[in-house]
Amino acid sequence: MAHVTGVRDRTSRGWRNAPASPFVARIGWGLARSASIVLLLAGWEILARSGTFTPFVLPALTSVLERILADAMSGDLFLGASATLYRALTGFLIAAVGGISLGMAMTRSIGIRWFFDPIISVGFPMPKIAFLPVVILWLGLYDVSKISMVAFEAIFPVVTATIVGIKGVDREIIWSARNMGASNRELLCQIMLPAAFPQIMTGLQVALPISLIVAIVTEMLMGGNGLGGGMMSASRFADSPGVFAGIVEIAAIGYCLIKGMSMLRRRMLLWHQEALEPSTV
Amino acid sequence: MSASAQIVVKDVSHDYRPPVGRVVRALEDVSLSIREREFIALLGPSGCGKSTLLYLIGGFLRIENGRICVDGRAVTAPGPDRGVVFQHFALFPWKTVKGNVLYGLERGKLPRAERETRAQAFIDLVGLTGFEDSYPSQLSGGMKQRTAIARTLAFDPQILLMDEPFGALDAQTRSLMQTELLDIWQKTRKTVIFVTHDVQEAVYLAERVAVMTARPGRIKTIVDTAFDKNDPQIYRARTFVDKVDEIWGLVREEAIKAQGTHAR
């Protein structure tokens, strides 16, 4: 019994002695949360330097970072990343605008819903990359075909999220807007769209990493530089640090995109219940 | 009575068709006349169709059998002449208190500055001064309901349709809101149809209480309940207590019947 009390005392004293400054606490939390990543990277470095693998199979993290730095200085990193981001984000924007419009149209018109509903059901779970050979035949090997593939793959989660969001708008909210004289058009733009926005935003948050993935995969399969194309040519030249540099760059860019998107979400959904709660992503 | 009747409900029946399962008759042959500036309560056991009747008058549901006229015109769609206060507030969560109140005014012909003043006046009236820029998610239940009432009053409907507006509030807030509503009603003299299942609330607020039967809902009887609204001690008056007892007896019969049909 005394032992248990002792433990509790020590814990509570520990809390009281915890850093008082919220800034220090935040840095501490940030480090604690990313500890697994730090451990993984440290493990990589130690394993690579231990001589278990040749530098060809597993180059050291430091040499990969050196390569990234060199790429950054020469401008190759900027060129590659901007090509990939251009393809991913253009496709994403097309998917966002097209997906939200199609989703809205499908909730408004029975005819449009009748036509597209089965297509969405079949198309969503299907690996759209299977269309790549056809897209190459139709649109060639350059940006147009890559962006088309990105938009084609990313549009599905946006359409379904928009439909679910608009269908889930509370009946009383719609009625109260109609009560205040909202026309059909006003109802859609001023009520349905903002009310469904949390769901739509979730769909966009799913579509964004898909866009990046498809952009990189198409670059790997069709060439045309970019981060994916760069990794493939590094691989062909047996340039092991170059391949690993690509992986690290893609991971970093992907993380920044996701983080930016969730910051955008929190800014735009200040009114939403979740703005009051801590975010996980 | 028909000469001054503002709302006339004549032989209205309504079926509720759930997406799955069988059709339920919610209302059967309901007829009701409501005078201008009257405060009438619709009282009945839960599921008796009182909200359905309110939404039919509001024009949100299609009238399949019978007729509903407001100011001599048949109801076909919702309109700003009939302002609704919903049970779950139905505020726009992405708009602030002020944005919510302004929404109903934006479709009117008032110039911008006047809309602002009017919205502020109604926010002040319901006691939300200082919360203009709060979002509904930051407000308590009582404050949300006040926002909803301010929003509906602001676009100046002739008729207020209130669907258990205080049902989600705690006892203290509820009692405050009742007094406030009476105050507003006496100041603005609107026609009020107030749906509730609380007998005391109905007797306290309304001039007439329409007691409805268990499903399918009919008007069982209409009881006069015009007490002195300005007497804070009215709850204790003998006549008031007797009236509550009388109506409670009527509702109780129906509640038991309703339970019987559920059990079957």
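The values are calculated or read from the model by the stated rules, or taken from the named source; none is laboratory data. Keep in mind that what you see is a predicted model, and the values were worked out from it rather than measured. Here the Cβ positions follow ideal geometry from the backbone for every residue, glycine too, while neighbour counts run over all protein chains shown. Note: accessible area is taken over every heavy atom of the protein model, side chains too, but ligands, DNA and RNA are not part of it. Shrake-Rupley method; radii C 1.70, N 1.55, O 1.52, S 1.80 Å.
Things worth noting here:
- Qualifying residue in region B:151-158 (condition: free of Cβ contacts under 8 Å to residues at least 60 places away in the same chain, in contact with a Lys or Arg (Cβ under 8 Å, 6 or more places away or on another chain) and more than 11 Å from chain A (Cβ to nearest Cβ)): no
- Search result, residues across region B:118-139 that are open to solvent by less than 60 Å² (accessible area, probe 1.4 Å), away from chain A (no Cβ under 14 Å), among the small types (Gly, Ala, Ser) and in a loop (DSSP other than H, G, I, E, B): B:Gly127
The rows are residues; the columns are (1) in contact (Cβ under 8 Å) with a residue 60 or more places away in the chain; (2) in the same structural domain as A:Val164 (by TED's automatic domain parsing); (3) within 25 Å of A:Ala154 (Cα to Cα).
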site	(1), (2), (3)
A:Gly30	no, no, no
A:Ala42	no, no, no
A:Ile46	no, no, no
A:Met73	no, yes, no
A:Gly80	yes, yes, yes
A:Arg87	yes, yes, yes
A:Leu102	yes, yes, yes
A:Ile110	no, yes, yes
A:Arg113	no, yes, yes
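- Leading residue by the ranking (nearest to A:Ile173 (Cα to Cα)) among those in region A:194-213 that are open to solvent by less than 40 Å² (accessible area, probe 1.4 Å) and away from chain B (no Cβ under 14 Å): A:Gly203
- Count - residues of region A:164-193 that are within 12 Å of chain B (Cβ to nearest Cβ) and open to solvent by less than 30 Å² (accessible area, probe 1.4 Å): 12
- Residues in region B:185-200 that are under 22 Å from B:Ile57 (Cα atoms) and assigned to a helix (DSSP H, G or I): B:Trp185, B:Thr188.
- Residue match in region B:8-30 (condition: within 14 Å of chain A (Cβ to nearest Cβ), in contact with a strand residue (DSSP E or B) (Cβ under 6 Å, 6 or more places away or on another chain), open to solvent by less than 20 Å² (accessible area, probe 1.4 Å) and closer than 19 Å to B:Met162 by Cα): no
- Of all the residues in region A:131-187, those that are among the basic types (Lys, Arg), touching a residue at least 60 places away in the same chain (Cβ under 8 Å) and touching a Gly at 6+ places or on another chain (Cβ under 9 Å) number 1.
- Residue identified as polar (S, T, N, Q), assigned to a strand (DSSP E or B) and open to solvent by 20 Å² or more (accessible area, probe 1.4 Å) among B:Thr239, B:Thr221: B:Thr221
- When restricted to residues that are open to solvent by 50 Å² or more (accessible area, probe 1.4 Å), touching a Phe, Trp or Tyr at 6+ places or on another chain (Cβ under 9 Å) and within 8 Å of A:Gly80 (Cα to Cα), region A:224-238 contains 0.
- Some residue of region A:183-198 being at pLDDT below 90 and among the hydroxyl-bearing types (Ser, Thr, Tyr): yes
- Residue match in region B:182-202 (condition: open to solvent by 30 Å² or more (accessible area, probe 1.4 Å), of a type in the set (S, T, N, Q) and modelled with pLDDT under 85): yes
- Residue satisfying all of: in region B:242-263; touching a strand residue (DSSP E or B) at 6+ places or on another chain (Cβ under 8 Å) and within 30 Å of B:Gln186 (Cβ to Cβ); most open to solvent (accessible area, probe 1.4 Å) among these: B:Glu246
A quick yes/no check of all residues on (1) within 20 Å of B:Thr191 (Cα to Cα); (2) out of contact with any Cys (no Cβ under 9 Å at 6 or more places or on another chain); (3) buried (at least 18 other Cβ atoms within 10 Å of the Cβ); (4) among the acidic types (Asp, Glu):
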site: B:Val84; (1), (2), (3), (4): yes, yes, yes, no
site: B:Ala90; (1), (2), (3), (4): no, yes, yes, no
site: B:Gly99; (1), (2), (3), (4): no, yes, yes, no
site: B:Arg107; (1), (2), (3), (4): no, yes, no, no
site: B:Glu116; (1), (2), (3), (4): no, yes, no, yes
site: B:Gly142; (1), (2), (3), (4): no, yes, yes, no
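- Just one residue in the set A:Ile247, A:Ile216 is open to solvent by 20 Å² or more (accessible area, probe 1.4 Å), under 30 Å from A:Glu66 (Cβ atoms) and either of a type in the set (Val, Ile, Thr) or without any contact (Cβ under 8 Å) to a residue 12 or more places away in the chain (or both); that residue is A:Ile247.
- Matching residues in region B:75-99 - criterion: being more than 7 Å from chain A (Cβ to nearest Cβ), within 10 Å of B:Gly59 (Cβ to Cβ) and free of Cβ contacts under 8 Å to residues at least 40 places away in the same chain: B:Val75, B:Thr76, B:Ala77, B:Gly79
- Among the residues of this structure, B:Thr173 counts as one that is part of a helix (DSSP H, G or I), surrounded by fewer than 21 Cβ atoms within 10 Å (Cβ to Cβ) and without any contact (Cβ under 8 Å) to a residue 40 or more places away in the chain.
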